[in-house]
Amino acid sequence: MTPDIDARRLLDRIEAFARIGGNGDGGITREGFGAADLEARARLSKEAQIGGLDSTVDAAGNVLIRRPEGGRGAEGRRVLLFGSHLDTVANGGRLDGAYGVLAGLEVMQTIVESGAELTYEPVLVAFSNEEGALFPQPFWGSKVLAGALETLPEDPRDRSGRSLRHPLALAGGDLAALSTAVWPAESVAAYLELHVEQGPVLERGGRTIGVVDSITGRTQLTVEVRGSAGHAGTTPMELRRDPMTVAARIVLAVEDLAGEQRLCRVATVGWVEVQPNSPNTIADSVRLTIDLRDSVPSNLENAEQALRTSLASLGKQAEMHIDIRVDARAAPVATDPVLRAAITASADELGLPHQTLPSGAGHDAQIVARIAPIGMIFVPSIGGVSHVPEEDTAATDLVAGARVLLRTVLRL
Ligand SMILES: [Zn+2]
């Protein structure tokens, strides 16, 4: 008989963790390496130990949960890694990240309790600082584990200049020993991540399980338009060099990239900073961020190129300088076909309707893809919302997702 998870235990745990960093309105602030995050991590380790599992913390602050003594005959065995993250954005939801970790704990406990035989050694990971809400180094834990150390600053700091060194030590990590937390490529046979969709596709399609085929690529730019400040009452229109009017056209041009022109899947201006930002002063400069996403690398390149062309012509037309800085370019990452097939077969076995879809959000899985084949399982998000207090998923779907994760782990 195939072992099954304890649905009640899983749902109770999700409820219990939602209280750590809870803001009272359903929202959760559990920023990576903040006080609530430390509490959640300690709680996870304790629950794992009560459940008869070993819990350790690596130098990057990742919580790693294994069978006692790594399971019998674990020497040199390759690992089947699964998990997600416990940290949240400010006033985020209770499921983004935590669901994948807590369902992973339920799967680990079920494996131990049932004595199931596995080809690979199962290891659960709660990656540290995935969101980068407090310390702006998102995917911190997965980047270290996957050996992407060259992408991380030597002395990471939060926005107020406080070093990560001490908070990381409090979490059980060690900034000076990060290289000890890097896993060799051959050691991980596969990485699985169960996550809420954070979008509306599964709910709209009436499907319980999403089989992720790719994690979106992303290009992030910061653009600055420089004009000349002036008095809003005395400066004649024809003598103005107003960067706000150019910024407004840029926002529309960005929308156009994904809208009218269909060069990339989505394009967003989400942040604007105006100097001096005064109601009766013509702005001196405007800075804004541009976020382009697509699953096809050439689409991202073409969209960026088209954007650069329109920025050049907008700047020329307005006789203003437009500065473009590339903040990050993340290539799209495909999931592994064998893992996709295993997830699909597991959902079929359980009679759960499923569909293949891309992930529009970033996940630790895309980082782990550097060293291992990855697979991702999604469950529906009610109303398609995430990173807000209203983020939620039906209990039956939460249970279904954990069951698919268990079956997939048993299958590999
Ligand atoms: Zn997440």
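Quick rundown of the values:
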item	result
Cross-chain or 6+ apart pairs with Cβ under 8 Å, the range 386-405 first and hydroxyl-bearing (Ser, Thr, Tyr), then modelled with pLDDT under 95 and surrounded by fewer than 20 Cβ atoms within 10 Å (Cβ to Cβ)	Ser386/Ala361
Meets criteria (within 14 Å of Gly360 (Cβ to Cβ) and of a type in the set (A, V, I, L, M)) for Ile209	no
Residue, nearest to Thr2 (Cα to Cα), within the range 372-403, restricted to residues that are among the β-branched types (Val, Ile, Thr) and modelled with pLDDT of 95 or more	Val399
Residue satisfying condition, being assigned to a loop (DSSP other than H, G, I, E, B), more than 23 Å from the chain's Cα centre (by Cα) and more than 19 Å from Ser114 (Cβ to Cβ), within set Gly32, Gly24, Gly52	Gly24
Boolean, Ser346 is of a type outside the set (A, V, I, L, M, F, W, C) and in the same structural domain as Gly199 (by TED's automatic domain parsing)	yes
Top-ranked residue of the range 77-110 - restricted to ones that are in a strand (DSSP E or B) and over 15 Å from the mean Cα position of the chain (by Cα), ranked as nearest to the ligand (Cβ to nearest atom)	Leu81
Which listed residue, of Val182, Val188, is among the aliphatic types (A, V, I, L, M), at pLDDT 90 or above and either within 16 Å of the ligand (Cβ to nearest atom) or in contact with a helix residue (DSSP H, G or I) (Cβ under 7 Å, 6 or more places away or on another chain) (or both)	Val182
From the options Asp87, Asp12, Asp25, Asp96, residue that is surrounded by fewer than 19 Cβ atoms within 10 Å (Cβ to Cβ), in the same structural domain as Ala369 (by TED's automatic domain parsing), acidic (Asp, Glu) and modelled with pLDDT of 95 or more	Asp12
Some residue of the range 153-176 being in a loop (DSSP other than H, G, I, E, B), surrounded by 16 or more Cβ atoms within 10 Å (Cβ to Cβ), in the same structural domain as Gly401 (by TED's automatic domain parsing) and within 18 Å of the chain's Cα centre (by Cα)	no
Any pair with Cβ under 7 angstrom, 6 or more apart, that starts in the range 360-384 at a residue that is among the small types (Gly, Ala, Ser) and ends at one that is buried (at least 21 other Cβ atoms within 10 Å of the Cβ) and assigned to a loop (DSSP other than H, G, I, E, B)	Gly360/Thr216; Gly375/Thr335; Ser381/Glu197; Ser381/Glu391; Ser381/Thr393
Subset of the range 115-139 that is assigned to a strand (DSSP E or B) and over 17 Å from Pro68 (Cα atoms) - its residue that is nearest to the ligand (Cβ to nearest atom)	Phe127
Unique residue being in a strand (DSSP E or B), touching a residue at least 12 places away in the same chain (Cβ under 8 Å) and not assigned by TED's automatic domain parsing to the domain that holds Val125 when the list is Val225, Val246, Val251, Val211	Val225
The range 273-295, subset of a type outside the set (Ser, Thr, Tyr) and surrounded by fewer than 15 Cβ atoms within 10 Å (Cβ to Cβ), residue nearest to Thr356 (Cα to Cα)	Glu273
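The values are calculated or read from the model by the stated rules, or taken from the named source; none is laboratory data. What you see is a predicted model, and the numbers here were worked out from it, not measured in a lab. Note that each Cβ is placed from the backbone with ideal geometry, even for glycine, and that neighbours are counted across all protein chains shown.
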